[in-house]
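To start, the structure itself, in structure tokens.
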């Protein structure tokens, strides 16, 4: 998704569009939480069948993407590099005609320059590895640092949230969905409200700032949890506030890796960084926190929260020292195609 919209949108709004669209994940999370609360209710469906129906709903929605995808035009950049110049010209003309019609413009400004692109039908994994490990090493470290830290942070809290509510606050399984809804709302509203600052204040400052703020708020909330100062409701409020900021931070990781690599490997780079980040953070965090929660020790769980905070502070440092000032710059200005 990030690669597709990056290659179709003006540079001045690319940051907000990426972050806001990533935030819509949480609309689905809220709907899923409400569905689970209904389907798991013993008076409606019950646990035995309810969780199976919830999984089935996810499959139905996933299948619908096959039809929604037809509404999105193919990237002219991708078409050009695959030798389909006529199709790329048609897509660009449609976009230009729409802009002229909606903005009531007689003409459009001339192109800023010319670029020669080498047609290539396929980019191998070897090409991707050589690019990421060669001239783009610093950006590779940046992408990995952001993706791994946010994946651990998110998965540590979100995927063990139900266990925390049930183990430490005694919330019934069929009621957990109601606690996830405000958590999801905070995650959705954050990108909508502060996402524009990534285009105005700038990528480096905003990414480092949101990562650091998320880490510090998690540390404070962890201390309050460890000392028994929170209830299920106040714990949920605290998470909602933290992830109001953290949602933009995590979305900015996807934004970063989608705009700082060459055209030929842009989509594959996102896939690589997502796979590595999820593999490290997504697998390790739930397993670690599951084991910590099993101890029924608040101190042990707090140690896990502290680790997540440290990783996010590390992500903030990586963003500050290695970050790319990509705001309001064209993709070709950030990274030329590998063969030009």
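The values are calculated or read from the model by the stated rules, or taken from the named source; none is laboratory data. Remember, predicted model here, so these are calculated numbers, not experimental data. For neighbour counting, all protein chains shown are included, and Cβ atoms are generated from backbone atoms with ideal geometry for every residue, glycine included.
Flag: residue 236 matches the condition of being over 17 Å from the mean Cα position of the chain (by Cα), touching a residue at least 12 places away in the same chain (Cβ under 8 Å), crowded, with 19+ Cβ neighbours inside 10 Å and within 29 Å of residue 166 (Cβ to Cβ). Kindly list, by first and then second residue, each pair from a residue in region 38-54 that is without any contact (Cβ under 8 Å) to a residue 12 or more places away in the chain to a residue that is part of a helix (DSSP H, G or I), limited to pairs with Cβ atoms under 7 Å and residues at least 6 apart or on different chains. Filtered contacts from region 38-54: 44/38; 45/39; 45/53. Of the numbered criteria (1) surrounded by fewer than 11 Cβ atoms within 10 Å (Cβ to Cβ); (2) closer than 23 Å to residue 257 by Cβ; (3) modelled with pLDDT of 90 or more, the one residue 101 fails is (2).
What pairs can you find where one residue is in region 146-172 and modelled with pLDDT of 90 or more, the other is not in a helix (DSSP H, G or I), and their Cβ atoms are less than 6 Å apart, with a gap of 6+ or different chains? What qualifies is 165/171. Within region 124-144, the set of residues being under 14 Å from the mean Cα position of the chain (by Cα) and buried (at least 22 other Cβ atoms within 10 Å of the Cβ) comprises just one member, 143.
The single condition from (1) surrounded by fewer than 24 Cβ atoms within 10 Å (Cβ to Cβ); (2) in contact (Cβ under 8 Å) with a residue 12 or more places away in the chain; (3) in a loop (DSSP other than H, G, I, E, B) that residue 229 fails is (2). Inspection of region 266-278 identifies at least one residue that is without any contact (Cβ under 8 Å) to a residue 12 or more places away in the chain and either buried (at least 22 other Cβ atoms within 10 Å of the Cβ) or in a helix (DSSP H, G or I) (or both). Scanning region 76-115 for residues that are touching a residue at least 12 places away in the same chain (Cβ under 8 Å) and on the phi > 0 side of the Ramachandran plot gives a single hit, 83.
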